[in-house]
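Submitted below is the structure of interest, expressed as structure tokens.
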Amino acid sequence: MRWDNLYLAGLGAYLPEAVETAEQAIEAGRYTLDEHLANGIRGVHVARLEDESPVQMASAAARQAFERSGHTTDEIGLVVHGHNSHQGQEFWTPASYVQNNSVGGNGATAEIRQGSNSGLAAFELAASWVAARTDTAALVSAGDSFHLPYFDRWNTDDQQVFGDGAGALILSSRTGFAKVVASASFSDSTLEPIYRGGAWTTGPFAEGKTVSLRARKRAYLQTGENLYEETVERMTKSLFAVVGQVFEDAGTDISKIKYLIHANTGQTIVDWGFYHPLGVDVSQTVYDWGRDYGHMGAADHLVNLNHLVETRPLSPGDKVLTIGVGTGFMWTAFIIEILETPSWNTAS
């Protein structure tokens, strides 16, 4: 989809101060040296249980993005909150909390859960809302945290270390520091069983057992011959499908991309999932910075985009490609073009 009159007006992020390093996790017996060397993740930030729930972090990120945007409360017609983890309460509406504790007002609210792609999925749905309603804006937020005994950030999944944090953006039909040029999404729900597991449960935290995404994946891969190779092939095909579509809609190609934003996953995943297939160098990303934060679930792309715009040299015409993939599976890609360097950029 090519977008007209759609802008990024503000970005924000919230990252807890407390840090747990890979070395500390190895010393505590929660992680292994081999996995650390393979993944390259140096550490994560850890949210306080009492006052840094995912929605509290998301609300703080949203307030920052809103303040930077120049918009007013009555202009925010939609609040969309994406997440992957427990948000602090059951049978409850996180998006309404974020709205009430950031932009306020009477705009519509919605919640998105599409794994690690939740932030970008929320971004694209909000884009459709704003494009259909002139003189309006939307808040997109995403926040996650991962705590024992429900979730073991160091061992729940292969090639992933999970950190806590939140990000937000304001989409505008009026003005902004960057133009949203195009977006695309692609799903392959035949891959949904990978992370489902074999038995249904009646509620979260079934039998008090820590979530094991590793076990679910391994059980799935044992259900057929050559399933690992077939799964990798299908996922690579889907990546090229979504990237090819967004490039076609934007009328550009990878050679025109100045920066790439992706999730803070293990080194092998980013090398073979993004850099080698797309021909992109790590210097065009914020991945080295992200190795000190780990995979923040749904929030990675918004947090990393905020860091890019805050700290990297920007010039009008610079194009940013952001790619997300979430369990289910769903891929989303955006191309954003910088119009001007915002006042909160420290590299200017």
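Among the residues of the stretch 191-214, how many are open to solvent by 80 Å² or more (accessible area, probe 1.4 Å), of a type in the set (S, T, N, Q) and either more than 24 Å from PHE91 (Cβ to Cβ) or touching a strand residue (DSSP E or B) at 6+ places or on another chain (Cβ under 6 Å) (or both)?
Looking only at that region, the number is 0.
I'd like to know if the stretch 217-238 contains one or more residues that are β-branched (Val, Ile, Thr), at pLDDT below 95, under 26 Å from ASP144 (Cβ atoms) and surrounded by 14 or more Cβ atoms within 10 Å (Cβ to Cβ).
Yes, that holds for at least one residue.
Next up: I'd like the full set of residues that are in a loop (DSSP other than H, G, I, E, B), open to solvent by 30 Å² or more (accessible area, probe 1.4 Å) and not small (Gly, Ala, Ser), limited to the stretch 8-37. Break it down stepwise before answering.
Residues of the stretch 8-37 in a loop (DSSP other than H, G, I, E, B): 15-18, 28-32.
Those left that are additionally open to solvent by 30 Å² or more (accessible area, probe 1.4 Å): 15, 17-18, 28-30, 32.
LEU15, GLU17, ARG30, THR32 - these are the residues of the stretch 8-37 that are in a loop (DSSP other than H, G, I, E, B), open to solvent by 30 Å² or more (accessible area, probe 1.4 Å) and not small (Gly, Ala, Ser).
A follow-up question, please. What residue, of SER128, SER102, SER185, SER141, is assigned to a loop (DSSP other than H, G, I, E, B), among the polar types (S, T, N, Q) and farther than 29 Å from GLY29 by Cβ? Full working, then the answer.
Numbers: SER128 fails: assigned to a loop (DSSP other than H, G, I, E, B); SER185 fails: assigned to a loop (DSSP other than H, G, I, E, B); SER141 fails: assigned to a loop (DSSP other than H, G, I, E, B).
The match here is SER102.
Then there is this: Quick one: how many residues across the stretch 38-50 are of a type in the set (D, E, K, R), open to solvent by 80 Å² or more (accessible area, probe 1.4 Å) and touching a residue at least 24 places away in the same chain (Cβ under 8 Å)?
Kept after step one, since they are of a type in the set (D, E, K, R), are these residues of the stretch 38-50: 42, 48, 50.
Subsequent filtering for residues that are open to solvent by 80 Å² or more (accessible area, probe 1.4 Å) retains 48, 50.
This time we only want the ones that are touching a residue at least 24 places away in the same chain (Cβ under 8 Å), so: 48.
Count: 1.
Same structure, new question: Which condition breaks for ARG113 when tested against (1) within 20 Å of HIS81 (Cα to Cα); (2) of a type in the set (Lys, Arg); (3) open to solvent by less than 50 Å² (accessible area, probe 1.4 Å)?
Just one mismatch for ARG113, condition (3).
Any residue in the stretch 78-97 that's within 24 Å of GLY324 (Cα to Cα): show its pairings with residues that are β-branched (Val, Ile, Thr) and not in a strand (DSSP E or B) at Cβ separation under 8 Å, as long as the two are six or more apart or on different chains.
If the second residue must be β-branched (Val, Ile, Thr) and not in a strand (DSSP E or B), the pairs left are LEU78/VAL130; LEU78/THR136; VAL79/VAL98; VAL79/VAL103; HIS81/VAL55; HIS81/VAL98; GLN87/VAL55; PRO94/VAL55.
Right, ALA184: open to solvent by less than 30 Å² (accessible area, probe 1.4 Å), closer than 26 Å to PHE240 by Cβ and out of contact with any helix residue (DSSP H, G or I) (no Cβ under 7 Å at 6 or more places or on another chain) or not?
Details: open to solvent by less than 30 Å² (accessible area, probe 1.4 Å): yes; closer than 26 Å to PHE240 by Cβ: yes; out of contact with any helix residue (DSSP H, G or I) (no Cβ under 7 Å at 6 or more places or on another chain): no.
Against the criterion (open to solvent by less than 30 Å² (accessible area, probe 1.4 Å), closer than 26 Å to PHE240 by Cβ and out of contact with any helix residue (DSSP H, G or I) (no Cβ under 7 Å at 6 or more places or on another chain)), ALA184 does not qualify.
Check GLU75 against each of (1) open to solvent by 20 Å² or more (accessible area, probe 1.4 Å); (2) more than 20 Å from the chain's Cα centre (by Cα); (3) over 26 Å from ILE335 (Cα atoms); (4) of a type outside the set (Lys, Arg) and name the one condition it does not meet.
Single failed check for GLU75: (3).
Let me ask you something else. Every residue in the stretch 332-348 that is more than 19 Å from PHE123 (Cβ to Cβ) and open to solvent by 30 Å² or more (accessible area, probe 1.4 Å), please.
Filtering the stretch 332-348 down to residues more than 19 Å from PHE123 (Cβ to Cβ) leaves 340-341, 343-348.
Of everything in the stretch 332-348, those that are more than 19 Å from PHE123 (Cβ to Cβ) and open to solvent by 30 Å² or more (accessible area, probe 1.4 Å) turn out to be GLU340, THR341, SER343, TRP344, THR346, ALA347, SER348.
What is the one condition in (1) under 28 Å from ASP51 (Cα atoms); (2) in a loop (DSSP other than H, G, I, E, B) that GLY167 does not satisfy?
If we test GLY167 against (1) under 28 Å from ASP51 (Cα atoms); (2) in a loop (DSSP other than H, G, I, E, B), just (2) comes out false.
If you don't mind, another one. Which ones in the stretch 281-299 are open to solvent by less than 10 Å² (accessible area, probe 1.4 Å), part of a helix (DSSP H, G or I) and in contact with a helix residue (DSSP H, G or I) (Cβ under 7 Å, 6 or more places away or on another chain)?
Kept after step one, since they are open to solvent by less than 10 Å² (accessible area, probe 1.4 Å), are these residues of the stretch 281-299: 285-287, 290, 294-299.
Next, only the ones that are part of a helix (DSSP H, G or I) stay: 287, 290, 297-299.
If the condition is that a residue be open to solvent by less than 10 Å² (accessible area, probe 1.4 Å), part of a helix (DSSP H, G or I) and in contact with a helix residue (DSSP H, G or I) (Cβ under 7 Å, 6 or more places away or on another chain), then TYR287, GLY290, ALA298, ALA299 are the ones that fit.
I'd like to know if the stretch 231-248 contains one or more residues that are touching a residue at least 24 places away in the same chain (Cβ under 8 Å), out of contact with any Cys (no Cβ under 7 Å at 6 or more places or on another chain) and not in a helix (DSSP H, G or I). Steps first, answer last, please.
Of the residues in the stretch 231-248, the ones touching a residue at least 24 places away in the same chain (Cβ under 8 Å) are 231, 234-236, 238-243, 245-247.
Subset that is out of contact with any Cys (no Cβ under 7 Å at 6 or more places or on another chain): 231, 234-236, 238-243, 245-247.
Narrowing further to those that are not in a helix (DSSP H, G or I): none.
Checked against the condition, which is being touching a residue at least 24 places away in the same chain (Cβ under 8 Å), out of contact with any Cys (no Cβ under 7 Å at 6 or more places or on another chain) and not in a helix (DSSP H, G or I), the stretch 231-248 yields no hits at all.
Of the conditions (1) over 16 Å from VAL44 (Cβ atoms); (2) part of a helix (DSSP H, G or I); (3) in contact with a helix residue (DSSP H, G or I) (Cβ under 8 Å, 6 or more places away or on another chain); (4) at pLDDT 95 or above, VAL320 satisfies every one except a single condition; which number is it?
(2)
For residues in the stretch 305-331 being among the polar types (S, T, N, Q) and without any contact (Cβ under 8 Å) to a residue 60 or more places away in the chain, which is surrounded by the fewest Cβ atoms within 10 Å (Cβ to Cβ)?
Initial filter on the stretch 305-331 (among the polar types (S, T, N, Q)): 306, 311, 315, 322, 327.
If we keep only those that are without any contact (Cβ under 8 Å) to a residue 60 or more places away in the chain too, we end up with 311, 315.
Details: THR311: 13, SER315: 10.
Checking each candidate, the answer is SER315.
Take the stretch 327-348 and flag every residue that is more than 23 Å from HIS83 (Cα to Cα) and polar (S, T, N, Q).
Here is the first cut: in the stretch 327-348, the residues more than 23 Å from HIS83 (Cα to Cα) are 337-348.
Selection gives THR341, SER343, ASN345, THR346, SER348.
Just checking, how many residues over the stretch 249-280 are of a type in the set (Gly, Ala, Ser), modelled with pLDDT of 95 or more and either out of contact with any strand residue (DSSP E or B) (no Cβ under 9 Å at 6 or more places or on another chain) or not in a loop (DSSP other than H, G, I, E, B) (or both)? First the steps, then the outcome.
Quick first cut of the stretch 249-280, residues of a type in the set (Gly, Ala, Ser) only: 250-251, 255, 263, 266, 273, 279.
Add one more test, that the residue is modelled with pLDDT of 95 or more, and what stays is 250-251, 255, 263.
With the extra rule that they be either out of contact with any strand residue (DSSP E or B) (no Cβ under 9 Å at 6 or more places or on another chain) or not in a loop (DSSP other than H, G, I, E, B) (or both), the set shrinks to 250, 255.
Of the residues in the stretch 249-280, 2 are of a type in the set (Gly, Ala, Ser), modelled with pLDDT of 95 or more and either out of contact with any strand residue (DSSP E or B) (no Cβ under 9 Å at 6 or more places or on another chain) or not in a loop (DSSP other than H, G, I, E, B) (or both).
The values are calculated or read from the model by the stated rules, or taken from the named source; none is laboratory data. Keep in mind it's a predicted model, so treat the numbers as computed, not measured. For neighbour counting, all protein chains shown are included, and Cβ atoms are generated from backbone atoms with ideal geometry for every residue, glycine included. For the accessible areas, the whole protein counts, side chains as well, though only heavy atoms, and no ligand, DNA or RNA atoms are used. Shrake-Rupley method; radii C 1.70, N 1.55, O 1.52, S 1.80 Å.
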